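A.B. asks: This structure is in structure tokens; I'll ask about it shortly.
The values are calculated or read from the model by the stated rules, or taken from the named source; none is laboratory data. This one's a predicted model, so the numbers in the text were calculated from it and none came from an experiment. Cβ: placed from backbone, ideal geometry, glycine included. Neighbour counts: every protein chain shown. When the accessible area is computed, the model is the full protein with side chains, heavy atoms only, and any ligands, DNA or RNA have been set aside. Shrake-Rupley method; radii C 1.70, N 1.55, O 1.52, S 1.80 Å.
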Amino acid sequence: MKNVSFVLALAATVALISTTDSTSAQDNWANFGQDPGATKFSTLAQINTDNVKNLTRAWTFHTGDSSGFFESGLIVIDGVMYFSAQNGVYALDAATGTQIWKYETSGTARRGPYYWPGGSGVGPRIFSQTENGLAALDPKDGKLITSFGEKGFIPGLRMSSPPVGYKNVLVTQGGNSTVKAWDTITGESRWVLNLKAQPGDPAADTWFGDSLKTASGPGLWGYFSVDVERGLVFVPVEKVGNDY
């Protein structure tokens with residue numbers, strides 16, 4: 001729990017500074033990598049090499065999770081911090097660390113949830129892995145948006161990292177060496193990309209020997225990113241077999 005406290009306290013310090021300076025050029029951290037392209041670049045300039053030594057802890061928040069594992073990417077939207085732990089999805093006041101809501105669940109993606117800003121007349125949503133599959137949550141109160149998927153879920157979906165979005169398309173890990181896309185509003189399937197060559201695929205000839213006949217396929221566990229201007233999603237795929 002010490003690791004959890006440290007990470008959240010440090011993030012709170014940065015958030016507190018950014019929300020109290022009206023001249024800040026950047027108010028939100030809307031994706032794991034800050035923007036859809038995962039540049040991880042911040043325009044904030046209040047903290048620099050001269051004053052970083054003066055930072056102090058703003059607050060500490062305890063999730064109550066006893067697993068000792070925390071890897072969630074923190075998201076801050078309009079002064080609210082969203083993240084997941086092994087015992088649920090949380091929304092906190094980023095300036096004070098006060099809990100706004102918690103969605104009770106296990107089986108969250110280790111690397112956090114995804115914030116979709118909304119579109120086509122539909123408000124924003126938090127998409128998170130849960131014990132029941134991919135869930136759509138209302139950012140205001142953490143309640144399930146039951147019009148999405150099957151009563152709020154895409155059941156059976158299992159992800160280690162959060163999805164990404166492009167307009168009204170949500171792109172996720174799909175299991176069994178696949179990438180899958182879903183409608184962000186309805187939860188309906190849009191398309192499936194097989195990373196392992198399928199029957200009739202010309203790429204099948206590039207698989208050596210009888211390797212295509214085995215159950216093994218390329219691993220997929222890292223963060224996706226999106227080039228919004230060109231409408232491209234970038235997927236980190238590892239080799240067939242062991243990690244990396």
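A.B. asks: Within segment 197-244, how many residues turn out to be over 20 Å from the mean Cα position of the chain (by Cα), within 28 Å of GLN129 (Cα to Cα) and touching a residue at least 24 places away in the same chain (Cβ under 8 Å)?
C.D. replies: Here is the first cut: in segment 197-244, the residues over 20 Å from the mean Cα position of the chain (by Cα) are 197-218, 229-230, 239-244.
Still in the list and also within 28 Å of GLN129 (Cα to Cα): 197-198, 215-218, 229-230, 239-244.
Those left that are additionally touching a residue at least 24 places away in the same chain (Cβ under 8 Å): 216-218, 240-241, 243.
Adding up the residues that qualify gives 6.
A.B. asks: Next question. Which one is most open to solvent (accessible area, probe 1.4 Å), of the residues in segment 136-162 that are more than 21 Å from GLY73 (Cβ to Cβ), in a loop (DSSP other than H, G, I, E, B) and among the hydrophobic types (A, V, I, L, M, F, W, C)?
C.D. replies: My answer is ILE145.
A.B. asks: Out of the residues in segment 173-191 that are within 20 Å of GLU238 (Cβ to Cβ) and within 17 Å of the chain's Cα centre (by Cα), state the one that is surrounded by the fewest Cβ atoms within 10 Å (Cβ to Cβ). So that I can check it myself, show each step before the final result.
C.D. replies: First, pick out the residues of segment 173-191 that are within 20 Å of GLU238 (Cβ to Cβ): 173-180.
Imposing the further condition that a residue be within 17 Å of the chain's Cα centre (by Cα) reduces the set to 173-175, 179-180.
Working: GLN173: 24, GLY174: 20, GLY175: 12, VAL179: 18, LYS180: 20.
In this case the residue turns out to be GLY175.
A.B. asks: Among the residues of segment 70-97, count how many are among the β-branched types (Val, Ile, Thr) and free of Cβ contacts under 8 Å to residues at least 24 places away in the same chain.
C.D. replies: Initial filter on segment 70-97 (among the β-branched types (Val, Ile, Thr)): 75-77, 80, 89, 96.
Then drop every residue that is not free of Cβ contacts under 8 Å to residues at least 24 places away in the same chain, which leaves none.
Counting residues in segment 70-97 that are among the β-branched types (Val, Ile, Thr) and free of Cβ contacts under 8 Å to residues at least 24 places away in the same chain gives 0.
A.B. asks: Among the residues of segment 183-233, count how many are farther than 22 Å from ALA136 by Cβ, modelled with pLDDT of 90 or more and of a type in the set (Ser, Thr, Tyr).
C.D. replies: Qualifying residue count, segment 183-233: 0.
A.B. asks: So, one more: Go through (1) modelled with pLDDT of 95 or more; (2) closer than 28 Å to ALA136 by Cβ; (3) open to solvent by 60 Å² or more (accessible area, probe 1.4 Å) one by one and return the number of the condition VAL76 breaks.
C.D. replies: Evaluating VAL76 over (1) modelled with pLDDT of 95 or more; (2) closer than 28 Å to ALA136 by Cβ; (3) open to solvent by 60 Å² or more (accessible area, probe 1.4 Å) leaves (3) as the failure.
A.B. asks: Taking LEU212 and the conditions (1) in a helix (DSSP H, G or I); (2) surrounded by fewer than 17 Cβ atoms within 10 Å (Cβ to Cβ), which numbered condition does it fall short on, given that it satisfies the others?
C.D. replies: If we test LEU212 against (1) in a helix (DSSP H, G or I); (2) surrounded by fewer than 17 Cβ atoms within 10 Å (Cβ to Cβ), just (2) comes out false.
A.B. asks: Kindly indicate whether GLY112 is buried (at least 21 other Cβ atoms within 10 Å of the Cβ), touching a residue at least 24 places away in the same chain (Cβ under 8 Å) and closer than 20 Å to ALA30 by Cβ. Reasoning before the result, please.
C.D. replies: On the way: buried (at least 21 other Cβ atoms within 10 Å of the Cβ): yes; touching a residue at least 24 places away in the same chain (Cβ under 8 Å): yes; closer than 20 Å to ALA30 by Cβ: yes.
So GLY112 passes the test.
A.B. asks: Given (1) among the β-branched types (Val, Ile, Thr); (2) under 23 Å from SER189 (Cβ atoms); (3) open to solvent by 20 Å² or more (accessible area, probe 1.4 Å), where does ILE47 come up short, assuming only one miss?
C.D. replies: (2)
A.B. asks: Hey, among LEU220, LEU170, LEU232, which residue is closer than 17 Å to ALA38 by Cβ and exposed (fewer than 13 other Cβ atoms within 10 Å of the Cβ)? Let's see the steps before the verdict.
C.D. replies: Values: LEU220 fails: exposed (fewer than 13 other Cβ atoms within 10 Å of the Cβ); LEU170 fails: exposed (fewer than 13 other Cβ atoms within 10 Å of the Cβ).
Every option except LEU232 fails the conditions.
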